Amino acid sequence: MNIYLLGMPGSGKTTLGKQLAKSLNYSFVDMDDKIEKSERKTINEIFDNEGEEEFRDIEQDMLHEVSTGKNLVISTGGGTPCFFDNMKFINRSGTSIFINVSAKELCSRISKSIDRPMFVGKDMEEIERELKEKITLRIPFYSQAQLTVLGDNIELQDLLSELNK
C-alpha cells in the first residue's frame, strides 16, 4: 500500500513523510525532488521557463510513475491533487492523508525559508493573502482525501493514529 500526503506548501508533508516512512519501514518519495532530478531543473526553473501548465503535465506523469512502487510514503506537491484527475487517481492507488495546517502557521513556516515557486519575492502580507486564496481553491480537492489530520503542531503519532483508526 502507498500513502500519499497532501497539503499546502509548508504543511509538513516532507518532514512528516520521512518520519512516517521510517516508522512503517516504507520508502519515502518527495515528488518535487523526483521532478527536479528527472528534469535536471528546479521547480522554480520549470515554472519560470516552461510555465505552470507544463509543470503540471510533468507532475502528473511523475505521480503515475511513482504510484507503481509499493510500500511508499509519497509527499505530493501542494497543487498535485488539484489538477487533471490526480485526486481520484491518488485515492484509487493508495491511502491519502490531508495534512491540514492553518494559514497563519503556514505563513510563519514559509516566511522562514522562501524557496517555493508561488512565494518567491513576496512579503509576509502577500504570502498570507496568496496562501488564503490558494487554500480556498484547493480545499475542495484536499477534502477528498481519505484521512485528515488537523492542527498546527502535527506529529508522527497523529498520522499513525489516523492510519490505525
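The values are calculated or read from the model by the stated rules, or taken from the named source; none is laboratory data. Here the structure is a predicted model, which is why all the values come from computation and not from measurement. Cβ sites come from the backbone with ideal geometry, for glycine too, and all protein chains shown count toward neighbours.
Tell me, please, whether a residue that is in contact (Cβ under 8 Å) with a residue 24 or more places away in the chain, in a helix (DSSP H, G or I) and of a type in the set (Lys, Arg) can be found in the range 56-77. Scanning the range 56-77 turns up at least one residue that is in contact (Cβ under 8 Å) with a residue 24 or more places away in the chain, in a helix (DSSP H, G or I) and of a type in the set (Lys, Arg). When we screen ASP85, ASP158, ASP152 for residues that are charged (D, E, K, R) and touching a strand residue (DSSP E or B) at 6+ places or on another chain (Cβ under 9 Å), the only hit is ASP158. Right, LYS122: in contact with a Pro (Cβ under 9 Å, 6 or more places away or on another chain), more than 21 Å from GLN19 (Cβ to Cβ) and not hydrophobic (A, V, I, L, M, F, W, C) or not? It is false that LYS122 is in contact with a Pro (Cβ under 9 Å, 6 or more places away or on another chain), more than 21 Å from GLN19 (Cβ to Cβ) and not hydrophobic (A, V, I, L, M, F, W, C).
Evaluate the following for ARG40: is it at positive phi and not small (Gly, Ala, Ser)? Show your work before the answer.
Working: at positive phi: yes; not small (Gly, Ala, Ser): yes.
Yes: the conditions hold for ARG40.
Of all residues in the range 52-65, those satisfying the criterion of being surrounded by fewer than 20 Cβ atoms within 10 Å (Cβ to Cβ) and at pLDDT 95 or above are GLU53, GLU54, ARG56, ASP57, ILE58, GLN60, ASP61, HIS64, GLU65.
Does the range 43-51 contain any residue that is part of a helix (DSSP H, G or I), among the aromatic types (Phe, Trp, Tyr), under 30 Å from LYS104 (Cα atoms) and out of contact with any Pro (no Cβ under 6 Å at 6 or more places or on another chain)? Outline the logic, then answer.
Keep residues of the range 43-51 that are part of a helix (DSSP H, G or I), which gives 43-51.
Narrowing the set further to residues that are among the aromatic types (Phe, Trp, Tyr) leaves 47.
Subset that is under 30 Å from LYS104 (Cα atoms): 47.
Right, trim to out of contact with any Pro (no Cβ under 6 Å at 6 or more places or on another chain) and you get none.
Checked against the condition, which is being part of a helix (DSSP H, G or I), among the aromatic types (Phe, Trp, Tyr), under 30 Å from LYS104 (Cα atoms) and out of contact with any Pro (no Cβ under 6 Å at 6 or more places or on another chain), the range 43-51 yields no hits at all.
Answer yes or no as to whether THR14 is in a helix (DSSP H, G or I) and closer than 17 Å to ASN2 by Cβ. Yes: the conditions hold for THR14. Of the residues making up the range 134-162, those that are surrounded by 17 or more Cβ atoms within 10 Å (Cβ to Cβ) and assigned to a loop (DSSP other than H, G, I, E, B) are ALA145, ILE154. Scanning the range 101-108 for any residue that is under 20 Å from GLN19 (Cα atoms), in contact with a Gly (Cβ under 9 Å, 6 or more places away or on another chain) and surrounded by 13 or more Cβ atoms within 10 Å (Cβ to Cβ) turns up at least one such residue. Among all positions in the range 133-145, there is no residue which is in contact with a helix residue (DSSP H, G or I) (Cβ under 9 Å, 6 or more places away or on another chain), hydroxyl-bearing (Ser, Thr, Tyr) and free of Cβ contacts under 8 Å to residues at least 60 places away in the same chain.
Going through THR80, THR76, THR95 one at a time, which residue ends up being surrounded by fewer than 19 Cβ atoms within 10 Å (Cβ to Cβ) and not small (Gly, Ala, Ser)?
Values: THR80 fails: surrounded by fewer than 19 Cβ atoms within 10 Å (Cβ to Cβ); THR76 fails: surrounded by fewer than 19 Cβ atoms within 10 Å (Cβ to Cβ).
That would be THR95, the only listed residue that is surrounded by fewer than 19 Cβ atoms within 10 Å (Cβ to Cβ) and not small (Gly, Ala, Ser).
A count restricted to the range 81-108 and to residues that are touching a Ser or Thr at 6+ places or on another chain (Cβ under 9 Å) and more than 20 Å from GLN60 (Cα to Cα) stands at 5. Residues in the range 11-47 that are out of contact with any helix residue (DSSP H, G or I) (no Cβ under 9 Å at 6 or more places or on another chain), over 29 Å from ASP152 (Cβ atoms) and either in contact (Cβ under 8 Å) with a residue 40 or more places away in the chain or surrounded by 16 or more Cβ atoms within 10 Å (Cβ to Cβ) (or both): none. Within the bounds of the range 63-86, is there any residue that is farther than 23 Å from SER143 by Cβ and basic (Lys, Arg)? Within the range 63-86 (the criterion being farther than 23 Å from SER143 by Cβ and basic (Lys, Arg)), the answer is yes, since at least one residue qualifies.
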